[in-house]
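Worksheet: the structure to be examined is printed underneath.
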Amino acid sequence: MRTDRPGYQYRDNRDGTRAHYWNPKRAVKGSPAALSAIRLDDGLTDDEIAAECQRRTNELKAELVKRESSPEFDGTIKSLITCFRNDKTSTLHSVKHSTRIRDYEPSLRVLEKNVGKRRVDALRASDFREWFTQWKKKGHRRASGAIKLLRLVISYGAGERFHGCAQARLILSDMRFEQPAPRTVAMTYDQCLAIVKKSAELKCPSIGFVEAVKFETALRRIDVIGEWAPPPGGGEFRWTGLMAKDISKDMVLTLKTSKTGAAVARDLSSYTLVAEAMKAYRIPDIGPVVIDEDHGRPYWENRYAEKFRKVRDAAGVPSSVWSMDSRAGAVSETIEATGSIEAAQELATHTTTKMTKRYSRGDGLETSRKVAEARAKSRT
């Protein structure tokens, strides 16, 4: 066994190539549970892989040494972020693990890399505007996410009475930044059907099954594939999610949604896309409902997204269609078919119709036609 590649692991692809990863938990004992494996660049030689694993491991060890002592605020944004990360009372530790990894950490890394050395007590409104403009060049959502986390971190500092944070928070509170345009893409029935069929051809029918269930039921992906996350007190990652026992013999699915805790019941036998998907996918008799064929266990979020993109592209579905758009497709199709936003709201388990309208991607033409037809009938 080689010892010059700490944290190294690999995965063989179906095409015979090999994907290389550096896993911080394998590299350094006691690594934070929030850290996940990082894929290394393709085409690296064995020596380059070893050097990269050693570099990342040494950086992680140095970072952990810093974290062992209680961090002190030295006036910079970077040290403020360090305090925010290490303080168990900060909002970073109250959000779901998936939210932290997907939304918080990427934005915190943007802040550390780009403005971490700046002193909080010297910040001006012009600094915030300039940063937003620069970040926006690399993506509007990236810029908005960074500003959102900057507000959170500075508010945390103000609450802890760190020097300069209260004034910076006051400046930011009076500022408004252009929000990214809402998504206008919704997966269509034909696109979902193409994905279902192509996933069967590519021997990964779990993708088609998940997308079919999401499109027909309007459930969130996490409610279908489940989630790997550390327990509240820390430790090894554990999986929670949809189990075989949650689907009855007559194919009625029951669960409580992960976001709002709303009770949901869906008759899977009544959905044509689910029926098509189950020509190739078999629900296990016990345990998790959705299993990654490549690993024989439930999906990690990033692995599902990666495999979905491969199936989508092979199915000829535009790259602008994301997995999350199946939920928007369910809402839009429901409104078009029924003319009732309340029906779509109930299907999507939204607490308000305002949220449902955000998921509706249609222009309202078909709905307006149905309304006009109903009004005409009422006049006779």
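The values are calculated or read from the model by the stated rules, or taken from the named source; none is laboratory data. This one's a predicted model, so the numbers in the text were calculated from it and none came from an experiment. Neighbour counts are summed over all protein chains in view; Cβ atoms, including those assigned to glycine, are modelled from backbone coordinates with ideal geometry.
Just give me the residues in region 44-76 being within 30 Å of ALA122 (Cβ to Cβ) and either in a loop (DSSP other than H, G, I, E, B) or at pLDDT 90 or above (or both), in sequence order.
SER69, SER70, PRO71, GLU72, PHE73, ASP74, GLY75, THR76
For region 224-307, please list each of the strands (runs of 3 or more DSSP E) lying entirely inside it that holds at least 1 residues being farther than 26 Å from SER36 by Cβ and among the aliphatic types (A, V, I, L, M).
Details: elements: 227-229, 238-240, 252-256, 263-267.
It comes to 252-256, 263-267.
Pick out, from region 96-162, the helices (runs of 4 or more DSSP H) lying fully within it that include 3 or more residues that are more than 30 Å from PRO231 (Cβ to Cβ) and either in contact (Cβ under 8 Å) with a residue 40 or more places away in the chain or more than 25 Å from the chain's Cα centre (by Cα) (or both).
Values: elements: 105-115, 125-136, 140-159.
Answer list for region 96-162: 125-136, 140-159.
Out of curiosity, is LEU44 surrounded by 15 or more Cβ atoms within 10 Å (Cβ to Cβ) and either more than 30 Å from GLY241 (Cβ to Cβ) or of a type outside the set (Gly, Ala, Ser) (or both)?
Values: surrounded by 15 or more Cβ atoms within 10 Å (Cβ to Cβ): no; either more than 30 Å from GLY241 (Cβ to Cβ) or of a type outside the set (Gly, Ala, Ser) (or both): yes.
In short, no.
Could you identify the single residue in GLU293, GLU306, GLU342, GLU301 that is within 24 Å of the chain's Cα centre (by Cα) and either modelled with pLDDT under 90 or among the hydroxyl-bearing types (Ser, Thr, Tyr) (or both)? Steps first, answer last, please.
Working: GLU293 fails: either modelled with pLDDT under 90 or among the hydroxyl-bearing types (Ser, Thr, Tyr) (or both); GLU306 fails: either modelled with pLDDT under 90 or among the hydroxyl-bearing types (Ser, Thr, Tyr) (or both); GLU342 fails: within 24 Å of the chain's Cα centre (by Cα).
The match here is GLU301.
Could you identify the single residue in SER258, SER269, SER320 that is surrounded by 15 or more Cβ atoms within 10 Å (Cβ to Cβ) and on the phi < 0 side of the Ramachandran plot? Write out each step before concluding.
Numbers: SER269 fails: surrounded by 15 or more Cβ atoms within 10 Å (Cβ to Cβ); SER320 fails: surrounded by 15 or more Cβ atoms within 10 Å (Cβ to Cβ).
That would be SER258, the only listed residue that is surrounded by 15 or more Cβ atoms within 10 Å (Cβ to Cβ) and on the phi < 0 side of the Ramachandran plot.
Check whether at least one residue in region 80-87 is over 22 Å from the mean Cα position of the chain (by Cα) and outside the structural domain of VAL153 (by TED's automatic domain parsing), and report yes or no.
No - not one qualifying residue is present in region 80-87.
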